[in-house]
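Taking it in order: structure first as structure tokens, then the write-up.
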Amino acid sequence: MTSNEKLTLHLLKSALWNTDADLTLFKKGVDWDDILRIAEKQGTVSLVASAIRRLEDLGLREDVLPNGIINKCVMLQFSIIRTTSSVIPTLNSVVNVLRANGIDPVLLKGQAVAAYYFKPEFRYCGDIDLYLGKDNSERAFNILKGHEQFEDDSHGHEKHFNMKWQGTEVELHRSAIDLNDTKDNRALYEWTERELKDNTRTLRIGDVDVTVPSPLFDAIFVMQHLWWHFVNDGTGIRQFCDWTMCLYQVADGLDKKELRSLLQRFGLLGIWQTFGHVAVEQLGLPREKFPLYTNRKKYIARKITSLAMEYGNFGHE
């Protein structure tokens, strides 16, 4: 990684854990604009901006951290928070319409994952993923299509329907993952379907108690989703942050024996343990919060972090 990428990662860790950054790393001539560019590329600019603003409170001199950069951080945070906050009433609206018609969707990722962060408003969320299952996804789409909030920008996929509601992208999922013809993937697919039908909980988001997956589901699904993007089109540091913060909040309640059994059945144990090094060594997750930790493959985790920094949020760079 470049020196600015390392500084960005340091600031990101400070924001994730609400800790003080090391002032000695920041000297006159730091390219703050490049650091913010890297953070925007990774989808973590609101978090990094909050850490930069904290540097001012810690006493970093103005000749090192100009007021213009602080003002830029304020504007970037305001923009992200406004965008993220606008998703919540849209989510509430969609859920209310569907429930009024006898359908209770399950929120995947998005605001459900943001809730694992110490400051959820700093986690960028641009769309809404709702699981309906095979029986309800098309029906839900047709119900929403009859309302004025619906925008005719829709197209179907094998896994989900795409649409817009009050200007926000919404995906109505038939399934949580793609069904590929392998034993491991079929086992994972069947498990996700059962979990999303029989083992959910509610989470207060805005004005609605939204149905969300179990902590065990999130721990496995967020990692599998991260792995899928890493293999297929690239992933960024924000996706690792989601999984890291999820683990921090749910690890103590996980049954390690059950977790190991599931990961082995899905062929994901090695990936879990490799990505764990990114969470622990690169993003600061306490080791005791990472179930099934192993001391192997650290060099692979460093390479994975470098690739994520290079390719950006979901590989879009």
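Descriptive notes on the structure:
- Residues in segment 262-291 that are more than 20 Å from the chain's Cα centre (by Cα) and small (Gly, Ala, Ser): Gly267, Gly270.
Table: residues versus (1) surrounded by 18 or more Cβ atoms within 10 Å (Cβ to Cβ); (2) of a type in the set (D, E, K, R); (3) under 23 Å from Ala251 (Cα atoms).
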position: Asn180; (1), (2), (3): no, no, no
position: Leu188; (1), (2), (3): yes, no, yes
position: Arg194; (1), (2), (3): no, yes, yes
position: Asn199; (1), (2), (3): no, no, yes
position: Leu203; (1), (2), (3): no, no, yes
position: Val212; (1), (2), (3): yes, no, yes
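- Among the candidates Thr90, Thr83, Thr2, Thr24, residue that is within 23 Å of Cys246 (Cα to Cα) and among the polar types (S, T, N, Q): Thr83
- Residues that are in contact with a Lys or Arg (Cβ under 6 Å, 6 or more places away or on another chain) and over 10 Å from Pro291 (Cβ atoms), drawn from segment 248-272: Tyr248
- Evaluation of Ile177 against the conditions (1) modelled with pLDDT under 95; (2) out of contact with any helix residue (DSSP H, G or I) (no Cβ under 8 Å at 6 or more places or on another chain); (3) of a type in the set (Val, Ile, Thr) shows that the sole unmet condition is (2).
- Condition check for Ala100: surrounded by fewer than 19 Cβ atoms within 10 Å (Cβ to Cβ), out of contact with any strand residue (DSSP E or B) (no Cβ under 8 Å at 6 or more places or on another chain) and either of a type in the set (A, V, I, L, M) or closer than 13 Å to Val212 by Cβ (or both): yes
- Flag if Gly59 is open to solvent by less than 70 Å² (accessible area, probe 1.4 Å) and either in contact (Cβ under 8 Å) with a residue 40 or more places away in the chain or at negative phi (or both): no
- When Pro66 is tested against (1) surrounded by 14 or more Cβ atoms within 10 Å (Cβ to Cβ); (2) more than 21 Å from Thr19 (Cβ to Cβ), exactly one condition is not met: (1).
- For segment 241-256, the condition of being at pLDDT below 95 and of a type in the set (Ser, Thr, Tyr) holds for none of the residues.
- Scan segment 266-317 for residues that are in contact with a helix residue (DSSP H, G or I) (Cβ under 8 Å, 6 or more places away or on another chain) and among the polar types (S, T, N, Q) and the total you get is 5.
- Pair list, Cβ < 9 Å and 6+ apart or interchain, from segment 245-257 residues that are more than 25 Å from Ser14 (Cα to Cα) to residues that are assigned to a helix (DSSP H, G or I): Gly253/Pro215; Gly253/Leu216; Leu254/Pro215; Leu254/Leu216; Leu254/Ala219; Leu254/Leu247; Asp255/Leu216
- Selected residue [buried (at least 17 other Cβ atoms within 10 Å of the Cβ), under 28 Å from Thr2 (Cα atoms) and in contact with a Lys or Arg (Cβ under 6 Å, 6 or more places away or on another chain)] from Gly276, Gly284, Gly236: Gly284
- Residue within segment 69-80 that is exposed (fewer than 15 other Cβ atoms within 10 Å of the Cβ), under 18 Å from Glu171 (Cβ atoms) and not aromatic (Phe, Trp, Tyr) present: no
The values are calculated or read from the model by the stated rules, or taken from the named source; none is laboratory data. No experiment lies behind these values; they were computed from the predicted model shown. Methodologically, a virtual Cβ is constructed for each residue, glycine included, from the backbone with ideal geometry; neighbour enumeration extends over all protein chains shown. Quick note on the areas: whole protein, heavy atoms, side chains included, nothing else; ligands and nucleic acids left out. Shrake-Rupley method; radii C 1.70, N 1.55, O 1.52, S 1.80 Å.
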